[in-house]
1. List the pairs whose first member sits in region 142-155 and is under 16 Å from F80 (Cβ atoms), whose second member is among the hydrophobic types (A, V, I, L, M, F, W, C) and at pLDDT below 85, and whose Cβ atoms are under 6 Å apart, counting only residues at least 6 apart or on separate chains?
2. Go through region 9-51 residue by residue and tally those that are of a type in the set (S, T, N, Q), touching a helix residue (DSSP H, G or I) at 6+ places or on another chain (Cβ under 9 Å) and in a helix (DSSP H, G or I).
3. Name the single residue, out of those in region 64-74 being of a type in the set (V, I, T) and in contact with a helix residue (DSSP H, G or I) (Cβ under 8 Å, 6 or more places away or on another chain), that is surrounded by the most Cβ atoms within 10 Å (Cβ to Cβ).
4. Which residue pairs have Cβ atoms closer than 8 Å, lie 6 or more positions apart in sequence or on different chains, and pair a first residue in region 10-34 that is farther than 10 Å from A110 by Cβ with a second residue that is assigned to a loop (DSSP other than H, G, I, E, B)?
5. In region 96-128, how many residues are within 24 Å of R138 (Cα to Cα) and within 14 Å of the chain's Cα centre (by Cα)?
6. Does region 107-119 hold any residues that are out of contact with any Phe, Trp or Tyr (no Cβ under 9 Å at 6 or more places or on another chain), assigned to a helix (DSSP H, G or I) and among the small types (G, A, S), and which are they?
7. Among the residues of region 64-106, which ones are of a type in the set (D, E, K, R), in contact (Cβ under 8 Å) with a residue 24 or more places away in the chain, part of a helix (DSSP H, G or I) and over 22 Å from V44 (Cβ atoms)?
Amino acid sequence: MLIYIGADHRGYNLKEYLKGVLQGMGYSVIDVGDDHYNEEDDYVDYATAVAEKVSVAFDSARGVLICGSGVGVDVVANKFPRVRSACALTSNQAFDARHDDDVNVLSLGANYLKPEEAQKILLTWLETPFREEERDRRRLKKIEALEIKLLKPLTLREDDKS
């Protein structure tokens, strides 16, 4: 499995730590940046880079995104088709995200997690299989249908224009 990882300046140190953990465990990791601490960078750029890769290789790749809160990168990642990102603050959340919802991008908040906590969340998420029960597959099909519907340009109804 290929893992794409990216973080802004607030998540940079945690990204470097987790990247080392993953590589030490034998995972193939592609770091989309930032490659140095840069207070002027924007989380949107790294979330976009990871989400684009996972959107294309959704069945063979996963993504890890880190910013201060985890929320910004999560919002961006979820804009991409076939990306299901979850912002997890506990290993239990990470377990449920993978087990029930087949989440393929994990978003982490560096301001709220110690490196060891983030590592536990990440490893739980990576090691948890998708349950694949009928109800889970049904729900994912509904999400996919919603994505297809929303890819069409939205327009305002005549009575909503003002």
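The values are calculated or read from the model by the stated rules, or taken from the named source; none is laboratory data. Source: prediction; values computed, not measured. Neighbour counts run over all protein chains shown; Cβ positions are idealised from the backbone, glycine included.
1. Close Cβ pairs (under 6 Å, with a partner that is among the hydrophobic types (A, V, I, L, M, F, W, C) and at pLDDT below 85) do not exist here.
2. Step one: of region 9-51, the residues of a type in the set (S, T, N, Q) are 13, 23, 28, 38, 48.
Then drop every residue that is not touching a helix residue (DSSP H, G or I) at 6+ places or on another chain (Cβ under 9 Å), which leaves 13, 28, 38, 48.
Pick out the ones that are also in a helix (DSSP H, G or I) and you get 13, 48.
Total meeting the criteria: 2.
3. Filtering region 64-74 for residues of a type in the set (V, I, T) gives 64, 66, 71, 73.
Now narrow it down to the ones that are in contact with a helix residue (DSSP H, G or I) (Cβ under 8 Å, 6 or more places away or on another chain): 64, 66, 73.
On the way: V64: 29, I66: 30, V73: 33.
It comes out as V73.
4. Within 8 Å, the pairs are Y27/M1; S28/M1; G33/D41; D34/D8; D34/H9; D34/D41.
5. 10
6. Scanning region 107-119 gives no hits.
7. Of region 64-106, the ones of a type in the set (D, E, K, R) are 74, 79, 82, 84, 96, 98, 100-102.
Keeping just the survivors that are in contact (Cβ under 8 Å) with a residue 24 or more places away in the chain gives 74, 79, 82, 84, 98, 100-102.
Checking the rest, the ones that are also part of a helix (DSSP H, G or I) come to 74, 98, 100-101.
Within region 64-106, R98, D100, D101 qualify.
For (1) buried (at least 18 other Cβ atoms within 10 Å of the Cβ); (2) part of a helix (DSSP H, G or I); (3) modelled with pLDDT of 95 or more; (4) among the charged types (D, E, K, R), each residue gets a yes or a no:
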| site | (1), (2), (3), (4) |
| --- | --- |
| R62 | yes, no, yes, yes |
| I121 | yes, yes, yes, no |
| L126 | no, yes, yes, no |
| I143 | no, yes, no, no |
